[in-house]
Amino acid sequence: MPRIPVTSRRGLLFGAAAVSAGAALTACTSNEPKKAGTAATTAAAADDKPGTPVTIGFAGPQADHGWLNAINQNAKDRAAKYSEVTLEITEGSNDTAAQIGQIQTLINKKVDVLVILPADGKALTQVGLQAMKAGIPVINLDRVFASPQAYRCWIGGDNYGMGLNAGRYIGEQLKDKPDAKVVELAGIDNLELTRQRTQGFDDALENYPNIKKVARQAAEFTVETGQAKMAQLLQAQKQFDALWNHDDDQGVGALRAIAQAGRDDFFMVGGAGSKSAMDAIKADNGVLKATVLYPPTMAASAIDLARALGQKKGVGGMSELEIPASITLYSAVVTKENVDEYLPTGFI
């Protein structure tokens, strides 16, 4: 899963729909006359029309999780949309040395732009710097490098915002219930992203004095650990009103444990936005009522940004000549009321 700093405090906030795989970062048009010399006439924005050929190198970690697999697929699908874009994509590795070697191969091939989702942002900072010094601009995807000199643009999700919006949703559902209790099934505890999600969740719950978090267990983003840790929570907590699970993949295991225990006395909010979670939300026949997004469509948007960068263009809808330095995606809450809008972005 992604590893980034608290991104709610950095960059621009873009709605998930604005950066989805089906919506390019393209220029807005108007029939209104434009005054000479304004930004609207001087800024060249990327659009869907074929432009200068661009070779984009894409390097990410091993796709050993549904979200990471969706990252790779979004990048491939987006690049295929543009006839002038050539995508050089690596096999992917969670081994730092191997990923560095793969990126160095792309640097030696002299690709025009690099999109890198590092297995470990801090460990791969030097190879990002190497690319930038070689004159190859880097789009740093999600897990951030330790130095802003290692990338031209960062785009990624908002872990703090996931927790914040999960907490707000749960808070609004329980705001009128006296002495409400919630539990949390977190991700890997030694990851910064897990701490950020928990912090956002706790900060949101502070606005609801009637709600108390009574238990927390950390799983490992896998079905097996989700099931085991959820079983422990259920055994220890005989009654609670809501559960927030950080990750929809481990949520598959959590739901198995809940079914095995025969519990339906609470509602559950998931995290990241898998298709299976959205299908369950739409069916509305179980405890899972919502999920907070961490959209893998960010990879499609990274390809758009790389294309614009390679063609020396800006982003449509913005007046600046250059692409932004950072873009933080919004962590939308998906419920049965809006699930159809987000189903196409659900990862398998």
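The values are calculated or read from the model by the stated rules, or taken from the named source; none is laboratory data. All of these numbers come straight from a predicted model, not from anything done at the bench. Counting neighbours? That spans all protein chains shown, and the Cβs are built from the backbone with ideal geometry, glycine included. Heavy atoms of the whole protein, side chains included, go into the accessibility calculation; ligands, DNA and RNA do not. Shrake-Rupley method; radii C 1.70, N 1.55, O 1.52, S 1.80 Å.
Below is a table of values for the structure above.
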{"item": "Residues of the range 273-303 classified as within 21 Å of GLY60 (Cβ to Cβ), out of contact with any Phe, Trp or Tyr (no Cβ under 9 Å at 6 or more places or on another chain) and not β-branched (Val, Ile, Thr), total", "result": "2"}
{"item": "Answer from ARG168, ARG143 - the residue that is surrounded by fewer than 21 Cβ atoms within 10 Å (Cβ to Cβ) and either touching a helix residue (DSSP H, G or I) at 6+ places or on another chain (Cβ under 7 Å) or among the basic types (Lys, Arg) (or both)", "result": "ARG168"}
{"item": "When residues of the range 260-289 are limited to those that are among the basic types (Lys, Arg) and more than 19 Å from GLY163 (Cα to Cα), the one least open to solvent (accessible area, probe 1.4 Å)", "result": "ARG263"}
{"item": "Checklist (1) β-branched (Val, Ile, Thr); (2) touching a Ser or Thr at 6+ places or on another chain (Cβ under 6 Å); (3) surrounded by fewer than 24 Cβ atoms within 10 Å (Cβ to Cβ) applied to THR222, failing item", "result": "(2)"}
{"item": "Hits in the range 309-327 (condition: of a type in the set (A, V, I, L, M, F, W, C) and either assigned to a loop (DSSP other than H, G, I, E, B) or in contact with an Asp or Glu (Cβ under 9 Å, 6 or more places away or on another chain) (or both))", "result": "LEU309, VAL315, MET318, LEU321, ILE323, ALA325"}
{"item": "Filter pass, ALA257 being at positive phi and surrounded by 18 or more Cβ atoms within 10 Å (Cβ to Cβ)", "result": "no"}
{"item": "Residue match in the range 309-331 (condition: open to solvent by less than 50 Å² (accessible area, probe 1.4 Å), under 26 Å from ALA180 (Cα atoms) and in contact (Cβ under 8 Å) with a residue 60 or more places away in the chain)", "result": "yes"}
{"item": "Total residues in the range 117-158, condition within 26 Å of GLY200 (Cβ to Cβ) and part of a strand (DSSP E or B)", "result": "7"}
{"item": "Residue match in the range 58-71 (condition: in a strand (DSSP E or B) and within 20 Å of the chain's Cα centre (by Cα))", "result": "yes"}
